[in-house]
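First up is the structure itself, then whatever we jot down about it.
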Amino acid sequence: MDTQYKKVLIVRFSSIGDIVLTSPVVRCVKKQLGNKVHFITKSKFRSTLEHNPHIDKIYTIDKEITEILHQLKDEKYDLIIDLHKNLRSKRLIMGLGVKSISFDKINIENSSWTNYTGTNIPAAASGLRLTSRDLLNFGLVYLNDGKWANEQILPSFWANESLKTAILHRDSEELMGGYGYQFWTWKQPIEGDTIHMADADGNGGQKIMIDKINQILIIITAGNYNNWALENDSYSIFEKIYEDFK
């Protein structure tokens with residue numbers, strides 16, 4: 001047990017998906033330090049954490065930190081792990097006056113979701129719109145084995161397995177194309193070499209193309225939304241890029 005940090009408070013206020021993704025952090029802190037682990041979140045998300053065996057106590061708020069600040073002060077925490085990193089969590093850290101650590105975010109700022117026609121439901125398969133720079137940041141996480149700014153934000157195993165063929169495509173046996181974990185996979189012969197590629201394809205011609213072997217990341221954006229008859233010539237761009245690397 002690390003005697004320096006006998007009691008740790010982990011902070012993530014919302015939402016369900018993000019709270020679930022904190023589970024590996026909670027588990028590692030508990031198992032590696034063997035300490036008391038407390039968690040603070042919003043009241044409506046309490047049920048997401050109640051059955052986590054690695055959390056000793058859950059604190060919740062409805063809106064403001066002041067609702068339970070005095071109770072948290074009585075706990076005398078040795079460390080705060082801030083997994084939310086917003087104004088509310090900063091106020092909490094200042095109010096408790098305890099050492100804290102946090103992690104840099106990828107900082108995707110310019111994004112929007114389109115909805116399915118006639119509904120308010122986001123088109124999750126192809127409705128997320130990002131700038132070229134933000135697509136690049138997303139691709140870099142996978143190119144760098146799940147790391148961002150030297151922090152492991154995805155398990156390296158998952159980042160690498162995602163880019164491997166899990167299911168072969170019935171129409172692309174010759175190129176051994178298929179699908180990994182949210183990425184298309186294929187092999188492309190170029191000037192006598194076989195390039196192993198994984199890519200994320202979006203409506204309109206958006207692409208994140210990842211070549212792990214040669215450490216090449218290609219981002220393509222276009223605006224041909226819902227124009228399925230228009231042949232996508234992005235692979236010609238891909239070939240030209242590799243020709244320039246020869």
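Data for the structure
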item: Debye log10 I(q)/I(0) for segment 22-124, one point scatterer per Cα, at q = 0.15 Å⁻¹; result: -0.75
item: At 1.306 mPa s and 10 °C, Stokes diffusion of segment 1-46 via Kirkwood alpha-carbon radius, µm² per second; result: 143
item: Cα point-scatterer Debye curve for the chain, base-10 log of I(q)/I(0) at q = 0.10, 0.13 Å⁻¹; result: -0.65, -0.93
item: For segment 75-197, alpha-carbon Rg over 2.2 N^0.38 Å; result: 1.48
item: Column: log10 I(q)/I(0), Debye, Cα scatterers of segment 115-164, q = 0.20, 0.21, 0.22 Å⁻¹; result: -0.76, -0.79, -0.81
item: Within segment 8-65, trypsin sites (Lys or Arg not before Pro) in DSSP loop having at most 12 other beta-carbon neighbours inside 10 Å; result: 63
item: Along each principal axis, Cα extent of segment 86-135, largest first, Å; result: 49, 26, 14
item: Helix 87-96 axis, angle to the chain major axis (alpha carbon atoms, nearest 10°); result: 30
item: Crossing angle, helix 23-33 versus the chain [Cα axis fit, 0-90 degrees, rounded to tens]; result: 50
item: Exposure proxy order (Cβ contacts within 10 Å, fewest to most) of 111, 89; result: 111, 89
item: Which listed pairs, of 7/147; 42/85; 30/85; 57/90; 42/90; 6/63, have C-alpha distances above 19 Å, in listed order; result: 7/147; 30/85; 57/90; 6/63
item: Among 83, 115, 168 the positive-end extreme of the charge dipole of segment 24-176 (Cβ point charges); result: 83
item: Within a Gaussian network of the chain (alpha carbon springs, distance under 10 Å), most fluctuating of 203, 137, 227; result: 227
item: Angle between the chain longest axis and helix 132-143 axis [Cα atoms, degrees, rounded to 10]; result: 80
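All of the numbers you see were taken from the coordinates with simple rules; none came from a lab. Remember, it's a predicted structure, so these values are computed and weren't measured experimentally. So basically every Cβ, Gly included, is an ideal-geometry build from the backbone, and we count neighbours across all protein chains shown.
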